[in-house]
Structures are given as C-alpha cells and as structure tokens.
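Working notes, structure below.
Every number here is computed from the coordinates shown, using simple stated rules; none is lab data. The model shown is predicted, which means the values in this text are computed figures rather than measured ones. Please note: Cβ atoms are built from the backbone with ideal geometry, for glycine as well, and neighbour counts cover all protein chains shown.
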Amino acid sequence: MTNSRNVAELEIEDIEGVGPTTARKMKEAGISSVMELATAVPEELSSDLGGSKETAATFIMAAQKLLRESGVLDNEFTTADIELEKRKSLLRCSTGAKALDELLLGGIETQAITEFYGEFGSGKSQICHTLCVTSQQPAEEGGLGAGVILIDTEGTFRPERVDQIARARGFDSDETLKGIAICKAYNSSHLELIVKSMGKYIEDFKAKMIIIDSIISLHRAEFAGRGTLADRQQRLNGIMHKLVRIAEIYNVAIVVTNQVQSTPDTFFGDPTKPAGGNVIGHASTYRIYLRKAGGDRIAKIIDSPYHPYEDVRITVNEKGIDDIAEDSPKKKSAKDKDSD
Ligand SMILES: Nc1ncnc2c1ncn2[C@@H]1O[C@H](COP(=O)(O)OP(=O)(O)OP(=O)(O)O)[C@@H](O)[C@H]1O
Ligand SMILES: [Mg+2]
C-alpha cells in the first residue's frame, strides 16, 4: 500500500538492471517514478524502450520487487489472516444512498474497480457526479477525504450538477468543485495516454477516487467493424489491466461506467448485457447493473466474490443518487419492481 515518504525517496535508477540510458528512455516515455514503472504494461513499455516484451516485464517486476523491499507493496505471498487485516483497512466511500452502500457492504472500495453498467438514463453519470461530492468528505462522514479525478469521454460532466448536489447535501460547493480534476478524453488513444500517466495525476491531485465515464464509448465508436474487434479488446484490456494495478498500488477507488449491448437471442430474463465482453468484466472487482424502474433506479450487484446476490431501489434527485424517501409509497422491496 502507498507510503508516500518511502516512495518519494525511490529513484528509477535504484531498480536492479536499470542503467542511466534505460532510465533516460523511461523518463522520455513519461515514466518518472518507480511506482509508475511498477504499474506499467509490458507491451507498452517494450515499444517505448525499443526492447523485447520480456525485458520490459523484467524491469516492471524489478520495480515491484523494489517497492516490496521498501515496504510500499505487500509481499507476493501473505497468509489469509494478514489479507483479512488488510481488507479491514480498505477505505470505503459512500455512494450517497445508504441502500446502495449496504449493497456494496459499506460503499465503494479502494484497491478495487467498481463498474456501473446500464442503458442510457439509468443513472451511471449521476452516480459519477454524486461520488465527486461524497468522496471528498472526511472518512468519518463516509468519504475518502481526498481529491477526485474524473475522466469524461462523453462530454456529459456538468459542474452545475456537482454544485447542486454539494449544496443539497450541505457541503461547501466551491471547495468541492476545486477538488475535482477533470480531463476530457477525445479519442481512444487519448484515453489510453491518460490512463498511462494516471500515477502522476494521482500524486499531483492527491486523489483517492478515479472515475472514468465511460470506459467503453470511445473504443466502441472507433473500432466499429467486426475485423477490428480483436484490436479493440486488446487495447481495452491494456487499460483495464493498468487500472487494476493502479487501484492496488495507490490504494485508490476506481469507478468506471459501461454501456449495455442488447442480446436479441435471449428468450428469458433481461436481454441486455454489459458491453466490452470479458475484458471489462474480468478486470472489474465489482459490477453493478443499473436499471430504470418508474422514476427510480434498481441497482443489482453481479458476480461478486462475496456480496449477497440481491438488488436495491434508489432514486435520483437534487442530492444526486439518494435513498427512496421513508414515507414514499415507493419505499418497498426491489422485489416488487415488476409491479411498475
Ligand atoms: N437534478 C436532477 N434531479 C432529478 N433527476 C435527475 C437530475 N439530473 C438528472 N436526473 C435523472 O438522471 C437521468 C440521467 O441519468 P444519467 O445521465 O446518469 O444516465 P446515464 O446512465 O449516464 O446514461 P448514458 O448512457 O446516456 O450516459 C435523467 O434522465 C434524469 O432522470
Ligand atoms: Mg452518462
């Protein structure tokens, strides 16, 4: 886990097998710290350095080894009791709705990727806006007490909405807005570049919450034909792989939104499934499916290693994502969802 004092003292040149020339090449490629090298993807690094993938992988592993020896990263093998202790120290961030926090057993976790998928208007971007506010609150109040990085690939981020949510929740709107670093990604290569430099941004903005809304839209639009699907998947895989490492090494929460694709051959159940195939699903620690239900939303957790398989009803209002009002006639179990 991150220990900033130790990390700051480590230089790329301290890594086994990295001489001045390699260090210079890495810096030219935008890798300026041991942390960044430890989270690099071998395919990318080898093309940056002009060497083989194996050599690149050796450098990355050497960087991870140095981080372990410095106590920044945990050892490769731990015992289950230590792992449980580590999980207890995970930070959790409120989503703004208690029901959804409970579904997530306490909120959105650091060291994990949480994916929200659903059709248009299902509330994915509303969750992102709300997290921009809640994650900045101190830990005692359910936040992560740190900055937010929001990567907007669809041009749907609205500071006015953050302002509204912050005010409705009784928080200082100016301070909240100042704590959000926004980056608009214009094409898939741009998004890949941003993710590649994420380590530096996390340190610059002291962020604990990274939001990508959405992870798929740019790649989906640019790699449209069947023939380019394998290429698209490979590039998405690179992004997701990198994000997994970033979440763990920097102890940050990563939230991504995903679209749905329809599966017309489904005869029973919901004919929609998340876009992006296995690549996004495998890398995401938690997947939450959002669905419109009248004026409300139903959130359902899919394929979690330890969460109960259930769903909850939430709503969208001036506070962003919120619980259904106690006195509302709609305050009923999500199991009744089909009645509306
Ligand atoms: N201030 C508000 N008060 C109440 N509801 C709101 C408010 N702002 C937005 N909404 C609701 O949120 C919906 C939009 O949801 P959102 O933008 O999160 O969809 P999305 O899942 O991101 O969809 P897309 O796939 O198009 O990006 C609106 O249709 C509206 O129902
Ligand atoms: Mg959206």
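Expressed in nm to one decimal, what extension gain is obtained for the pair D327 and E85 from 0.36 nm per residue of sequence separation less their Cα-Cα distance?
83.2 nm
Looking at the stretch 242-303, which chymotrypsin sites (Phe, Trp or Tyr not before Pro) are DSSP coil and have at most 11 other C-beta atoms within 10 Å of their C-beta?
Numbers: sites: Y250, F267, F268, Y286, Y289; in loops: F267, F268.
Of the chymotrypsin sites (Phe, Trp or Tyr not before Pro), the ones in loops of the stretch 242-303 whose Cβ has at most 11 other Cβ atoms within 10 Å are F267, F268.
Suppose R0 equals 51 Å. What FRET efficiency, 1/(1 + (r/R0)^6) with r the Cβ-Cβ distance, do R167 and T58 give to the nearest 0.05?
0.45
Label E310 and T263 with points 7 Å out from Cα along Cα→Cβ: what is the distance between them in nm?
2.6 nm
Return a whole-number percent for the relative contact order of the chain, with Cα pairs under 8 Å and 6 or more residues apart as the contact set.
20 percent
222 nm [θ] for the chain, helices only, -39500 (n - 2.57) per DSSP H run of 4+, per residue, to 500?
So the helix-based figure for the chain works out to -11500 deg cm²/dmol.
Restricting attention to the stretch 113-198, which chymotrypsin sites (Phe, Trp or Tyr not before Pro) occupy a DSSP loop and are surrounded by at most 14 other Cβ atoms within 10 Å?
Values: sites: F116, Y117, F120, F157, F171, Y186; in loops: F120, F157, F171, Y186.
Listed in order of number, the matching sites are F120, Y186.
Once the dipole of the stretch 38-111 is set up with Lys and Arg at +1 and Asp and Glu at -1 on Cβ about the Cα centre, which of S89, T79, T55 lies farthest towards its positive end?
The listed residue farthest towards the positive side: S89.
May I ask you to derive the FRET efficiency for K200 and F77 from their Cβ-Cβ distance with R0 = 30 Å, giving the value to the nearest 0.05?
My answer for the efficiency is 0.50.
Can you grab the distance from the C-alpha centre of the stretch 244-284 to the C-alpha centre of the stretch 84-100, Å, no decimals?
With the stretch 244-284 and the stretch 84-100 each reduced to a Cα centre, they are spaced 20 Å.
Ordered by packing density, taken as the mean number of other Cβ atoms within 10 Å over each peptide's residues, highest first, how do 55-65, 300-310 rank?
Per-residue Cβ counts within 10 Å, averaged per peptide and sorted highest first, yield 55-65, 300-310.
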